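The values are calculated or read from the model by the stated rules, or taken from the named source; none is laboratory data. All of these numbers come straight from a predicted model, not from anything done at the bench. Positions of Cβ are generated from backbone atoms using ideal geometry, with glycine treated the same way; all protein chains shown enter the neighbour counts. The area values use the complete protein model at the heavy-atom level, side chains included, leaving out ligands, DNA and RNA. Shrake-Rupley method; radii C 1.70, N 1.55, O 1.52, S 1.80 Å.
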Amino acid sequence: MKLLEIRNLRTYFDTLDGIVKAVDGVSFDVDKGEIVAIVGETGCGKSVTARSIMRLLPKSAKISGEILLNGKNILKMSPKEMEKIRQKRISMIFQEPMTAFDPLYTIGQQFTEILQKHEKMSKAEAYEKSVQMLELVGIPEAKKRVDEYPHEFSGGMIQRAMIARALLNNPELVIADEPTTGLDVSIQAQIINVIADMQKKFKTSTILITHDMGVAAELADKIIVMYSGKIMERGDLGEIISSPLHPYTEGLIAAIPKLNTKKGEKLHAIPGMVPSPYALPKGCRFHPRCYAKMDKCEKKEPPYVEVLPGRFVACWKVLKEKGALLNHESPK
Ligand code: SF4
C-alpha cells in the first residue's frame, strides 16, 4: 500500500549564476512500512529530494510536480498544514544531530516539550515516555541520561537520541539524511542496527539518504540511484545488488568494501567527478564517466523506462540489451 507517491518532482534554484536543476523530474513511491534508500554522490540531488518532501527549502527554490502523502498533494498545502505534517506525520533524522538539538535544554526537556505539545501528554507521562524511547534506542542508564544536555552525549549516543526524537510522535514517514556519516565505523554499524530495529518495531516507512551503497544494502528494501538530479536506476535491493544494470549503479556497488578487502588495498572508484550543476553534459549526464558510452549517449538523454517489472533504468545500453526500446530510437 502506497504511503508516498512522488510524480515528476522538479526542484530548481534561481541563483546569480543561473538556474540549478537540483532535482529534475524524479518519480518514485514509498510503500507503508518499507525502507527506500536514495543513493548517490554528493550533489546528486538526494538531500534536496528529501527537503522537498519536508518543504524545508530556501525561498529561491521552485518546486513542481506532485508529492502525494496518502493521496494528498503536500505541495498544495498551506504553510500551517505543512507545519502539522512536519510535527506529526513526517520526521527527519539529520546528519549532524548535535545541531538539531537545543544546547540549552536537556534531552528530556526537549522530548517532553514535543510530547506535551503534540501528543497532549501530562508532564509525568511525557517524561516517562522520553526515558522509554531512550531505552528503546539502546542508550544505557536512560533514567539518568534523560536529564543530561546534548553536549554530554557522544556522537553515537546523540544520533541514537535523534532517532528516538524522530519517532516520538509515531510518524508515518521518517527521512534519515546520511544518519551514519561522520561516525566511526563500529558506531555506524550500531546506528544501522538501531534504525533497522526501530523500523521493525514501529513499521514506519523510511527514506534513507546515503552516499554509501553499503549502508543502503544493510537497511533498504528498495534502492533509488540518483545522479545529477535524475534517477538512473531503481528497483528492489536484492536485484540491484546482485545484478546492477546502470553503469553508475555498477560503480557504486563495486566501491563497497568486501570482507576480503586487504588493509591498504584501494577500493574501486568511479573515474571523474559529478558535473557542475551549471554545466551539465548534453545527452546522458553520466556519459563523461561511463565505460559503456556510445555515440548516442553524448547527444540524447536516455528515457527512464521500466525494463523489468518494478525495475526502472535510464540508460541507452540497458535499453538496447533488454530490448526495451519501446517507442524510443535505437542507439547507434
Ligand atoms: Fe553510459 Fe550511455 Fe548508459 Fe549513460 S546512457 S550510462 S553514457 S551507456
Number of positions in the range 270-295 that are touching an Asp or Glu at 6+ places or on another chain (Cβ under 8 Å) and part of a helix (DSSP H, G or I): 1
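So, in the range 121-133, how many residues would count as being of a type in the set (A, V, I, L, M) and open to solvent by less than 40 Å² (accessible area, probe 1.4 Å)?
Final tally of qualifying residues: 3.
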What residue, of E119, E81, is touching a residue at least 12 places away in the same chain (Cβ under 8 Å) and over 25 Å from G155 (Cβ atoms)? E119
Checking the conditions here, which among T206, T181 is in contact (Cβ under 8 Å) with a residue 60 or more places away in the chain and closer than 18 Å to V30 by Cβ? T206
Just wondering, is there one or more residues in the range 86-102 that are farther than 24 Å from I195 by Cβ and free of Cβ contacts under 8 Å to residues at least 60 places away in the same chain? no
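Does the range 151-162 include one or more residues that are open to solvent by less than 20 Å² (accessible area, probe 1.4 Å) and not hydrophobic (A, V, I, L, M, F, W, C)?
So far as the range 151-162 goes, yes, one or more of its residues are open to solvent by less than 20 Å² (accessible area, probe 1.4 Å) and not hydrophobic (A, V, I, L, M, F, W, C).
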For the list (1) touching a strand residue (DSSP E or B) at 6+ places or on another chain (Cβ under 6 Å); (2) under 22 Å from M198 (Cβ atoms); (3) open to solvent by 30 Å² or more (accessible area, probe 1.4 Å), I need the number of the one condition that V36 fails. (3)
Can you report the number of residues in the range 308-325 which are more than 8 Å from the ligand (Cβ to nearest atom), closer than 18 Å to E250 by Cα and open to solvent by 20 Å² or more (accessible area, probe 1.4 Å)? 5
Do any helices (runs of 4 or more DSSP H) entirely within the range 153-261 hold 1 or more residues that are more than 23 Å from V305 (Cα to Cα), and if so, which? 155-167, 185-202, 213-219, 247-254
Can you confirm whether K332 is away from the ligand (no atom under 12 Å from the Cβ), at pLDDT below 80 and farther than 21 Å from N8 by Cβ? no
Inspect the range 134-150 for any residue being aromatic (F, W, Y) and either without any contact (Cβ under 8 Å) to a residue 24 or more places away in the chain or surrounded by 18 or more Cβ atoms within 10 Å (Cβ to Cβ) (or both) and give the result as yes or no. no
Go through K117, K80, K88, K59 for me and flag whichever is assigned to a loop (DSSP other than H, G, I, E, B), open to solvent by 50 Å² or more (accessible area, probe 1.4 Å) and at negative phi. K59
